[in-house]
Every structure is written in C-alpha cells, then in structure tokens.
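Contents: one structure, followed by commentary.
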Amino acid sequence: MELRQALIWTVLLLAGQATDVITTSVDRARGALESMPMSSGLIQQGGLGLFWATKVLEVGAIATALFLAALWIRAKRPGAPVVFRVALVCAQALTIGLVFASLLNAALLGSLV
C-alpha cells in the first residue's frame, strides 16, 4: 500500500511541478514577473532550465524519502511508518500548493491577455 501511495504522490508532484514551470514560463513570456524570490533568483541565474532542474531535484528528494520509508515499513524497521507519513504529508502539501500556484499563474495569464 505504501509503495502505491509513494508512486501516486510522486507522479502528482511531478505533474504539479511541470504545470508550475509551464505556467510560469508562459506568464514570463507575456511580461509578468516571478514573485517568489527563490524562483526568481533561479530564473535570473540559470533561466527556466535551472528552474526546471531544481523542481526535478525536489521531486527526486521527496520520492527517495517516500520509497525508502515504504521499503523500511516492509522490512518492519521501527519508526518507518512515522517517517513515511511525514514524507507523504510533505508531498501532499507541496502538490496542493503547486496546484494553487498554477491556478494563480493561469489567472494572471488571463488578466494579461
């Protein structure tokens, strides 16, 4: 069960990150500025390639935590369910936050047209 949850939320998180990058790039092409200081700095230093690479690394880090914790649960390691739950809640919160960010980016795009 945990491996399935880890896979589902990893895919959802990757989709959320991709949507955020796409909506950010479209908004920037229309003249909008990135309001998040960290994202803005990444885009200024390395363009959208660095921004996307950072997003992929974030997904990789959370996916690693989820899958390792899921494997530890199977091996009956003490504390593994707690580690898995914390990693899962982080992935879920980040995914939901990215949905809202993408929706805001889309709304901004609508106002720029």
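Here are some notes:
- Filtered by the rule that a residue be assigned to a helix (DSSP H, G or I) and basic (Lys, Arg), region 77-113 gives a lone residue, ARG85.
- Of the numbered criteria (1) modelled with pLDDT of 90 or more; (2) under 19 Å from LEU104 (Cβ atoms), the one SER35 fails is (1).
- Residue that is surrounded by the most Cβ atoms within 10 Å (Cβ to Cβ), among those in region 63-94 that are within 10 Å of the chain's Cα centre (by Cα) and closer than 16 Å to ARG4 by Cβ: ALA91
- Considering the conditions (1) of a type in the set (Phe, Trp, Tyr); (2) modelled with pLDDT of 95 or more; (3) surrounded by fewer than 17 Cβ atoms within 10 Å (Cβ to Cβ), PHE100 is excluded by exactly one of them, (2).
- Residue match in region 37-50 (condition: crowded, with 19+ Cβ neighbours inside 10 Å and hydrophobic (A, V, I, L, M, F, W, C)): yes
- For region 23-58, the set of residues classified as touching a residue at least 40 places away in the same chain (Cβ under 8 Å) and under 15 Å from ALA101 (Cβ atoms) consists of THR23, THR24, VAL26, ASP27, ALA32, GLU58, listed by residue number.
The values are calculated or read from the model by the stated rules, or taken from the named source; none is laboratory data. Not measured: the values here are computed from a predicted model. Positions of Cβ are backbone-derived with ideal geometry, glycine not excepted, and every protein chain shown enters the neighbour counts.
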